[in-house]
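S.K.: My structure is below; once you've seen it, I'll send some questions.
The values are calculated or read from the model by the stated rules, or taken from the named source; none is laboratory data. In this text, all values refer to a predicted model and were calculated from it rather than measured experimentally. Counting neighbours? That spans all protein chains shown, and the Cβs are built from the backbone with ideal geometry, glycine included. Surface accessibility is based on the protein's heavy atoms, side chains included, excluding ligands, DNA and RNA. Shrake-Rupley method; radii C 1.70, N 1.55, O 1.52, S 1.80 Å.
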Amino acid sequence: LIYSRSGDLDCVPPFMVGSPLHRDEDGNLTGREACFKIVGTYLGDTEAPASEAIGKRLAKNLRPLDFIDTLECTEGIQNVGHLKYNLITRQACPKTTYICSVTPPEIS
């Protein structure tokens with residue numbers, strides 16, 4: 001894979017993904033890559049799907065928080081406040097911290 005935000009990629013051989021002359025298995029031109037996934041995050045053009053992909057990944061990882069909000073104390077389950085705190089600080093925060101730490105500021 002080759003990527004350049006603004007550089008000229010005309011000299012890149014056509015067998016490399018991201019080359020303006022690259023073709024898929026069906027022979028269709030694929031052209032320049034707008035974003036790519038690396039180290040668990042997406043990098044690429046700020047206007048490209050990189051921001052959308054990161055947003056979708058965060059939304060997927062944080063979806064269980066909707067369930068946590070519905071938890072209430074019952075006869076069988078006590079101390080739900082402490083349970084919510086532990087689930088958020090020990091599960092939800094680490095999931096978002098990693099994504100935020102590897103994503104460049106111009107994309108996030």
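S.K.: Restricting the stretch 1-16 to residues that are within 24 Å of the chain's Cα centre (by Cα) and surrounded by 15 or more Cβ atoms within 10 Å (Cβ to Cβ), which is farthest from Val102 (Cα to Cα)?
M.R.: My answer is Ile2.
S.K.: Any idea which of Pro94, Pro105 is under 25 Å from Lys56 (Cβ atoms), at pLDDT below 80 and in a loop (DSSP other than H, G, I, E, B)?
M.R.: It is Pro105.
S.K.: Moving on. Which one of these does Leu65 not meet: (1) touching a residue at least 12 places away in the same chain (Cβ under 8 Å); (2) under 25 Å from Gly44 (Cβ atoms); (3) out of contact with any Phe, Trp or Tyr (no Cβ under 9 Å at 6 or more places or on another chain); (4) not charged (D, E, K, R)?
M.R.: Unmet for Leu65, out of (1) touching a residue at least 12 places away in the same chain (Cβ under 8 Å); (2) under 25 Å from Gly44 (Cβ atoms); (3) out of contact with any Phe, Trp or Tyr (no Cβ under 9 Å at 6 or more places or on another chain); (4) not charged (D, E, K, R): (2).
S.K.: Considering each residue of the stretch 23-50, count those that are open to solvent by 60 Å² or more (accessible area, probe 1.4 Å), modelled with pLDDT under 75 and in a loop (DSSP other than H, G, I, E, B), and give that number.
M.R.: 2
S.K.: Tally up the residues in the stretch 69-91 that are surrounded by 12 or more Cβ atoms within 10 Å (Cβ to Cβ), over 22 Å from Thr41 (Cβ atoms) and modelled with pLDDT under 80, please.
M.R.: Number of matching residues: 0.
S.K.: Still on this model: Identify the single condition in (1) loosely packed, with under 14 Cβ neighbours inside 10 Å; (2) closer than 30 Å to Asp10 by Cα; (3) modelled with pLDDT of 75 or more that Ala59 does not satisfy, given that it satisfies every other one.
M.R.: (2)
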